[in-house]
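Asks: Handing you a structure now.
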Amino acid sequence: MVLYTDAPVRPAPLWLPSAPVEYAVAVDHYLAGAGLGAASRRVYRISLTSWTWPLVGRRPPQGPRRRGAAPPVVPLALLDDIGTAARLAAAVADRATVTDARTVNRELSALRSAVGWWRDLQWISTDPTAGLRHLARTPAVLPALTQGQVASLFGTAASLREQAFWRVLYDCGAGAQDVLALDAGQIDLAGNRARIEVPRGAGPGLAAAGWLQWRSQTTEMLRWLVAGRAYGPVFLTDRRAPARAGAADRCPVTGRARMSYRRAAEIFTASSRPLDPAGRGWTLHQLRLAGLAARAGLGVPEARRDRCEPGA
């Protein structure tokens, strides 16, 4: 990736194209000239589009509303506005509360690279990203949810898929990726459990195979969710799987894809934001910690609790 500096801009030669009026058009020009592959271009477009809301002082849609949301029309000249740097700084801080540092840094790098390109063309004269810094990769330590918070979460009008996923995660204290990896054929509804293989090198104290155990109320939700399916992913997206999805991550009945950790985390944080007095929303790891604490209080056998220890 080309690195840009804050060196003074030289007078533009006569052949430089005139600046587009809209930010979205400027993004199109940048991506066309950036020499990126198709996959990278798609990621950059998503990242650059996500900044349109903060540029006009609005919060981007979260959770299910994020997909397909029409971004606001933003004048490219707004990047030279005196208040833009502050709006972007606030957006970075807000974004860091709902996603990981790697994603925030990737989005910031995309904007910084595009801004440098536009400045080289003299389409804008200032760099509103100059004072922004990449986030540290070390995540903040967040406390486990309280039992009251868990009860309020389970009382929301979330979909059957979300409620079943959250309850499995809470009941067994497993890592979210372990739960999302479940297939219908692994579930023993009569025994309120699912058999799960532990990869080699998963850590000390883990057996070659184990069981994830949950309560009977959770089984009833899973029974409705799988609706008689004997194979394929338990937790599915709302859309058909893309062509690149492997057979193991595609439901052979509906053609829908296995839900990703990133998508599950976004939905959880968006769903829990109205319940959070700070307005940030909670994380799946906080729910898992609450489940582990509850299991310890119920005297769950140590071997079974160890099986549920992989990180969220």
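The values are calculated or read from the model by the stated rules, or taken from the named source; none is laboratory data. On a predicted model such as this, the values are computed, not experimentally measured, just so you know. No Cβ is skipped: glycine too gets one built from the backbone with ideal geometry, and neighbour counts run over all protein chains shown.
Asks: Looking at (1) free of Cβ contacts under 8 Å to residues at least 12 places away in the same chain; (2) under 26 Å from Ile46 (Cα atoms), which is the only condition Arg102 fails?
Replies: Only one criterion is unmet by Arg102, namely (1).
Asks: Would you check if Val300 is under 21 Å from Gln147 (Cβ atoms), part of a loop (DSSP other than H, G, I, E, B), modelled with pLDDT under 90 and out of contact with any helix residue (DSSP H, G or I) (no Cβ under 6 Å at 6 or more places or on another chain)? Spell out the reasoning first.
Replies: Numbers: under 21 Å from Gln147 (Cβ atoms): yes; part of a loop (DSSP other than H, G, I, E, B): yes; modelled with pLDDT under 90: yes; out of contact with any helix residue (DSSP H, G or I) (no Cβ under 6 Å at 6 or more places or on another chain): yes.
Judged against the criteria, Val300 is a match.
Asks: Quick check on the stretch 1-44: of everything there that is charged (D, E, K, R) and at pLDDT 90 or above, which residue is farthest from the chain's Cα centre (by Cα)?
Replies: Glu22
Asks: Kindly check whether there is at least one residue in the stretch 111-127 that is farther than 15 Å from Ser272 by Cβ and under 17 Å from the mean Cα position of the chain (by Cα).
Replies: No; the residues of the stretch 111-127 include none that is farther than 15 Å from Ser272 by Cβ and under 17 Å from the mean Cα position of the chain (by Cα).
Asks: Residues of the stretch 118-170 being among the hydrophobic types (A, V, I, L, M, F, W, C) and farther than 24 Å from Thr97 by Cβ, which ones?
Replies: At the first step, the residues of the stretch 118-170 found to be among the hydrophobic types (A, V, I, L, M, F, W, C) are 118, 121, 123-124, 130, 132, 135-136, 140-142, 144-145, 150-151, 153-154, 157-158, 160, 164-166, 168-169.
Passing the criteria: Trp118, Leu121, Trp123, Ile124, Leu160, Ala164, Val168.
Asks: Another question, if that's okay. Inside the stretch 102-153, can you point out the residues that are at pLDDT below 90, surrounded by fewer than 14 Cβ atoms within 10 Å (Cβ to Cβ) and closer than 30 Å to Ala32 by Cα?
Replies: Arg102, Ala130, Gly131, Arg133
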